Ligand code: 1GP
């Protein structure tokens, strides 16, 4: 079950197959004490760059999850496949649309039971790439909490993902959303975690924190985000 796979994750690094990362940096990330690697990106993700990254990650024992954002890059061999459902998408295709097209084409080839699940995404930074692509509707704290409840109580999704990609979000809202999850969904938070201090604040509010961009800007600061969460 994906629930089982993610239940231990407190800290995750998200790697973008479209961005270059050297072997030493990859090793440092994988041996850092993080709980898992998510692979995904909003643009430039291809089958080839995803296979390449997965094969390099497989030198390490860490669980690897693919966040599927394009049908062209569904690579076998990941431990889990996470399918974003953008709950506040203005473009309905990002709520339910692209998913249906995917199932029409590949429904019989779905990864094995227990390795695939939807993530209820709340895109809370209106300036991020995902917000632009999905035409995300603006959300305030009350909206975020309501979307989280909707995903957890009504859709019964295993993951609610509050996405502030590129900006550090409102931790009050994140904490309130987590407190509203009574059906077992895990609250993922990602966005703007660029060092120990923000990692600690985010880890107090969310179940799982996702660290992305800083990996490519300052490896040392990225690594600092692990220690503070895992200590
Ligand atoms: C992006 O939530 C992740 O999908 C992480 O965000 O890149 O801002 O760390 P950052």
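The values are calculated or read from the model by the stated rules, or taken from the named source; none is laboratory data. Here the structure is a predicted model, which means the values were calculated and not measured. Using ideal geometry, Cβ is built from the backbone for each residue, glycine included, and neighbour counts are taken over all protein chains shown.
Residues of segment 131-145 include at least one that is under 18 Å from residue 40 (Cα atoms) and crowded, with 21+ Cβ neighbours inside 10 Å. Among the conditions (1) more than 10 Å from the ligand (Cβ to nearest atom); (2) under 14 Å from the mean Cα position of the chain (by Cα); (3) part of a loop (DSSP other than H, G, I, E, B), the only one that residue 160 does not satisfy is (3). Of all residue pairs spaced 6 or more apart or on separate chains, none has beta-carbon atoms under 9 Å together with a first member in segment 188-205 that is without any contact (Cβ under 8 Å) to a residue 12 or more places away in the chain and at negative phi and a second member that is more than 8 Å from the ligand (Cβ to nearest atom) and not in a helix (DSSP H, G or I).
Would you mind stating whether residue 181 is at pLDDT 95 or above, part of a strand (DSSP E or B) and touching a helix residue (DSSP H, G or I) at 6+ places or on another chain (Cβ under 7 Å)? No: the conditions fail for residue 181. Every condition in (1) surrounded by fewer than 24 Cβ atoms within 10 Å (Cβ to Cβ); (2) assigned to a loop (DSSP other than H, G, I, E, B) is met by residue 193 except one, and the failing one is (1). Checking the condition away from the ligand (no atom under 14 Å from the Cβ) and within 23 Å of residue 130 (Cα to Cα), which residue from 199, 206, 220, 185 passes? Within the list 199, 206, 220, 185, the selection yields 185. Restricted to helices (runs of 4 or more DSSP H) entirely inside segment 18-116, those with at least 1 residues that are at pLDDT 95 or above and either surrounded by 13 or more Cβ atoms within 10 Å (Cβ to Cβ) or in contact with a strand residue (DSSP E or B) (Cβ under 6 Å, 6 or more places away or on another chain) (or both) are 23-30, 47-57.
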